[in-house]
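Everything on this sheet refers to the single structure shown next.
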There are 2 protein chains.
Amino acid sequence: MTEVISKKIADYMKKGSWIRRMFEEGDQLKAKFGKDNVFDFSLGNPMGEPPETFKNAIREALDDPTPGQHGYMPNAGYPHVRARLAEVLSRDHGVALKGSDLIMTVGAAGAMNVALKALLNPGETVIIFAPYFVEYVFYADNAGGQARVVETDARFNLDAAALEAAMDSSVRALIINTPNNPTGRVYSEATLKEVGRLVDRKAREYGHPIYILSDEPYKRIAYDVEPPSLFHISKNTLVCTSYSKELVIPGERLGYIAVNPECEHKATLLNAMTFCNRILGFVNAPALMQRALYLDPDDRVSIDGYRRNRELFLNELTGMGYEIVPPEGAFYLFPKSPVPDEVAFVDELKKENILVVPGRGFGRAGYFRISYCVTPQIIERSLPGFKRAIDRVK
Amino acid sequence: MTEVISKKIADYMKKGSWIRRMFEEGDQLKAKFGKDNVFDFSLGNPMGEPPETFKNAIREALDDPTPGQHGYMPNAGYPHVRARLAEVLSRDHGVALKGSDLIMTVGAAGAMNVALKALLNPGETVIIFAPYFVEYVFYADNAGGQARVVETDARFNLDAAALEAAMDSSVRALIINTPNNPTGRVYSEATLKEVGRLVDRKAREYGHPIYILSDEPYKRIAYDVEPPSLFHISKNTLVCTSYSKELVIPGERLGYIAVNPECEHKATLLNAMTFCNRILGFVNAPALMQRALYLDPDDRVSIDGYRRNRELFLNELTGMGYEIVPPEGAFYLFPKSPVPDEVAFVDELKKENILVVPGRGFGRAGYFRISYCVTPQIIERSLPGFKRAIDRVK
């Protein structure tokens, strides 16, 4: 091929995204067998609809006669929205955040790109934990740095020894995602505090701060556990997250960065991230969505449907012989593949018109991800296929 | 200072943005003298309000009972929105665009970052024309490339000879901004065609395509001239633009990339840009805004207010002895500074509580930018100050 596009991008695209690949194969299956006869567990598109109060908040914002409401605002977002959100987050996290500690962003993806761009020099390192959301690798690269993968243990818990072995002075940031995509694991407070102590110790050793970016869009989607606040594991924690899941608005691109009030070099960092929000082309989080948030920041969708799906799927699949570490949050199962090559098993499931994502798409082969953002009926109807597939290979 | 943030970002911030600096000094002046006694011509925040039909389109979209309307859609945007927009653009540009030739983006800034990320290899070059919108320099750098500045002539017209002298095989793209910020210049069809021929000839010589990115948010803000479509100057033109100005929604972050239907390697490029929309963290243009656009894509705000402001300001300032190339579009004047050091003259204006931006903020010293997105009353009341300032230095 003639050199048309960036070599790096061409290479990335060739390696491709497993989620995207499954999505496309799903479309082909649906065209062939009919939409109702394909069981698509590949996408993490949250269930349900935004709360009606949220939609009403948008309607109210639209009716507000104050001029200039769709215009530019400070790149960090509306001061009154940030002040209101700071109150909510102070309560939720047990810290004393001010509006000036927050930057409104274009989703969690925007938040993380902004934070990494502000932090990284060429070739510097961002630690990520496998299994991981594959986009992290791109985000580190976008900022001129690189992701370094640290394995979690067999139950997908953080492993402080593995982390320590991976640390060196090029590390500027870690990304911690709890509740985790794809495993559903909620890291325990004890584990997180151990990680926090280790990171702070290494930062002192290297003579520069190491920031912990907490990607926590599933924070309010947890079952029987309360995800600990990462603000309490290191003063250098930045919450980089999104309203996509809790308000069911992933298409609207609304998130924020909240900087620990005790963070080192806080003002410098906030200024740099606000600047990066601008120069990366995000400029600001969508205006109307910010204002809707101000009007009703604490009304969230129910997780009852996810809870029922999780129970149903977990019980049924475990009964068939699938090995699954029970997820404590998010809306995914991450079963072990009954055969070592999970891509082969994903193909077995495909014969049953069942779509899931191979674990290697998340940096852990031998597993696969099921997203249960579907109706219970779809789960029920898919079960015989899951049974036949495991029976064929066992 | 301890090394906290990226050295490059720290350096960028130190150099700073003149627009931002004026904005901050303006805030100080306003605090001191009262908001009504400061004449702020520093910001290009478009005048007026979005058309009521646009707001109604948002209301209708909110009332649409179809499930999942705030969820993920393809990264390129809603197919039905792109199809509708393709019809409008086909009419406006006199080309036959399909929906699949379009990618919805987070504003023009998102569009350009996506296009450059898809195109540039490390160190490759993007040509920009001075005076220019300063963010272009960052956008080229974000993608690992670099901006190379080509001067326009004394009347701010493109200069094909200067462009030819600046070309080499590292050039992958040009950014052309017409109507221009900060000069208001609308490039003529003849000049643009000369540039198009030159670029296509150089592309053949170098053996790879060179793409023209048309940043045209002011396309519908033109006085007595019709800005030519850049699709007709090269088959390798990508319109990368925004609805910020014509719908008065700069805070909502809605734009698009439209690829010339005849573009070389069109499918490869569109795939790569859609991928980059995802990995850069934009993911997709805000869902609700896309849908509002679908419902009423052709209703735009009136430019009568801008036209009146332009006449008033241009006549009055010219009468006082300011030298100004009459702008044909956008909402800026770019007068020559009456003294060679325009920063010194900007300070003279500041003594009159008048805020404008020095030309060096746009890569051309010796001039300054006036944004006339204000009421005629503010212009009227500022005139004695403009008079006193020029009289003091003449």
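A short reminder: the numbers here are calculations on the coordinates, not readings from a lab. Given the structure is predicted, the values throughout are model-derived calculations rather than measurements. All Cβ positions, even for glycine, are placed from backbone atoms using ideal geometry, and neighbour counts span all protein chains on display.
Overview of values
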quantity	calculated
Antiparallel DSSP beta bridges within chain B, as percent of all bridges there, nearest 5	45
Angstrom value of the Kirkwood radius, inverse mean 1/r, which spans all Cα pairs in the stretch B:1-158	20.3
All aspartates and glutamates inside 19 Å of residue A:336 as judged from Cα atoms, apart from same-chain residues fewer than 8 positions distant	A:40, A:151, A:153, A:311, A:316, A:323, A:328, A:347, A:348, A:352, A:391
Principal-axis tilt of helix B:18-33 within chain B, Cα atoms, nearest 10 degrees	50
Equivalent-ellipsoid semi-axes of the stretch A:1-83, from the Cα gyration tensor, Å, largest first	39, 26, 12
Proxy reagent accessibility, fewest Cβ within 10 Å first, across B:22, A:104	B:22, A:104
Radius of gyration and Dmax over the Cα atoms of chain B, both given in Å	21.3, 67
Within the stretch B:1-155: Cβ-based charge dipole about Cα centre, in debye rounded to nearest 20 (Lys, Arg +1; Asp, Glu -1)	300
Tilt relative to chain A, helix A:52-63 - C-alpha long axis, 0 to 90 degrees, to 10	40
Where labels lie 7 Å past Cα in the beta-carbon direction, separation of residue A:161 and residue B:30 in nm	5.9
Percent RCO, i.e. relative contact order, over the stretch A:94-152, from Cα pairs under 8 Å lying at least 6 residues apart	35
Other copies of residue A:377: label-to-label distances in nm, shortest first, labels 7 Å along the beta-carbon direction	6.1
Kirkwood hydrodynamic radius (C-alpha pairs) into Stokes-Einstein, the protein assembly as shown, 37 °C and 0.692 mPa s, D in µm²/s	120
Rounded to 10°, Cα long-axis angle of helix B:304-320 versus longest principal axis of chain B	40
Cleavage-rule hits (trypsin sites (Lys or Arg not before Pro)) in the stretch A:24-116: DSSP loop, at most 16 neighbouring Cβ within 10 angstrom	A:98
Top of A:344, A:130, A:57 by mean-square fluctuation, Gaussian network on chain A, Cα under 10 Å	A:344
Residue of B:384, B:217, B:209 that the Gaussian network model of chain B assigns the largest fluctuation, springs spanning Cα pairs under 10 Å	B:384
Cα-only radius of gyration and Dmax that characterise the stretch A:230-284, units Å	12.9, 34
For A:251-262, mean number of other protein chain Cβ atoms within 10 Å	3
Ellipsoid semi-axes in whole angstrom, largest first, where each is sqrt(5λ) of the Cα gyration tensor of the stretch B:302-394	20, 15, 11
Two-site label geometry, residue A:381 and residue B:392: point separation in nm, points 7 Å out along Cα→Cβ	7.7
Copy-to-copy label separations for residue A:307, where each label sits 7 Å from Cα toward Cβ, in nm and ascending	6.3
Sum of -39500 (n - 2.57) over DSSP H runs of 4+, divided by residues of the protein assembly as shown (222 nm, nearest 500)	-13500 deg cm²/dmol
Lysine pair count for the stretch A:52-295 [Cα-Cα under 17 Å; pairs on different chains or 8 or more apart]	9
Shielding by partners - mean other protein chain Cβ count within 10 Å, residues of A:240-249	2
Additional length obtainable on full extension of the chain from residue A:53 to residue A:318, 0.36 nm per residue less Cα span	91.6 nm
Charge dipole (the stretch B:133-187, unit charges on Cβ, about Cα centre) - positive-most of B:180, B:154, B:142	B:180
Using a 7 Å Cα-to-Cβ projection, residue B:35 label spacings across copies, nm, ascending	4.9
Cβ nearest the rotation axis (A onto B), residue from chain A and distance to the nearest whole Å	A:286, 2
